[in-house]
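Just so it is clear, none of the values below were taken in a lab; they were calculated from the coordinates. As the structure is a prediction and not an experimental result, all values here were calculated from the model. Heads up, the Cβs are rebuilt from the backbone with ideal geometry, glycines too, and the neighbour counts pull from every protein chain shown.
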Amino acid sequence: MPRAFPLAYYSGVLKIIYLYFSIALFYTDDYKKKDTMQQLAVLVIFVPHIKFSSGALTLFSVNSFLYGFYISPILGAQKTRIEELHKIVRSESNAIFAMVIGIAKLPLKLRKSIQDMFLDYLDHAIRHRRPGGGEEKYEAMIAFCLEYKGEHQDEIDKLLAGLVANQQNRTNYSMQLSNRVYSNEWIIMIILFIVTLSFVLMLDAGDGYLYKTLAALLCTGLSMLLIILAKMSTLTHKKAKQIWNPFNKLINSRFYRID
């Protein structure tokens, strides 16, 4: 399977594009006479430069306020979502660790069979990071406990009670995985983003180098906000990648250690 480019790659490309805009805007006379630089920043030729009236500047201010006002709580909610997932996975890992310890005195064959079912469940939950991921494996463990008839009934009943109690973690886990940014929220944010970005790109800030550099950096910052939000929503942010570390530790140590 080919390796996909990380979102950080695209953010780097955006930075370069906007900095090319900034560099090309230094040349305000005739773009066609600037052969090398014009090739690097050919897109800037098609962006008109406008001196905005007071009404347009007011519209720009209102749009910028709405963009910040709308995206800030959504970013905060996604950050909280990631933190909650950390807590939920940690809580479930502790519960599974306790259940495995509870079957330590079972015969080797039976104990290994139950541990393998837990390993399948954890592996499935890690590989299928969606609501209901690992649900079939979890239900198989519950079915095994319900159908078991043997001399170790007390230990299996305790295991079943632990599995049922852990369903609260499973429910919270599925709810948080479902709590992505909705499509209608993306539409509103992208519209506000495009309007804000267009104002910045078309704004005639004069011939000062500092203003053109700040405009390029502002465009990059606006884009990075959306990229960070997308990575948080899809759980590909570097902080989100650590959510499943406790599960991985249980698998790699075969329940001897918990992270």
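Could you list, in their original order, any pairs among LYS79/LYS249; LYS149/LYS241; LYS79/LYS137; LYS158/LYS241; LYS137/LYS241 whose Cα atoms are separated by more than 31 Å?
LYS149/LYS241; LYS158/LYS241
What spacing in nm lies between the two simple spin-label points modelled at SER174 and TYR256, each 7 Å away from Cα in the Cβ direction?
Inter-label distance under the simple model: 3.5 nm.
Amide H of ILE258: which non-local residues (sequence gap of 5 or more, or other chain) have their own amide H closer than 5 Å, using H built in the peptide plane?
none
Round to the nearest 0.05 the FRET efficiency obtained for ALA143 and LEU75 when R0 = 41 Å and r is the Cβ-Cβ distance.
Once rounded, the FRET efficiency stands at 0.45.
Go through 249-258, 170-179 and give me the packing order, highest mean Cβ count within 10 Å leading.
Going by the mean number of other Cβ atoms within 10 Å, highest first, we get 170-179, 249-258.
If the only charges are +1 at each Lys and Arg Cβ and -1 at each Asp and Glu Cβ, what is the size of the charge dipole of region 57-135 around the Cα centre, to the nearest 20 debye?
Taking the Cα centre of region 57-135 as origin, the dipole is about 260 debye.
For region 117-170 and region 73-97, compute the distance between their C-alpha centroids and round to whole Å.
21 Å
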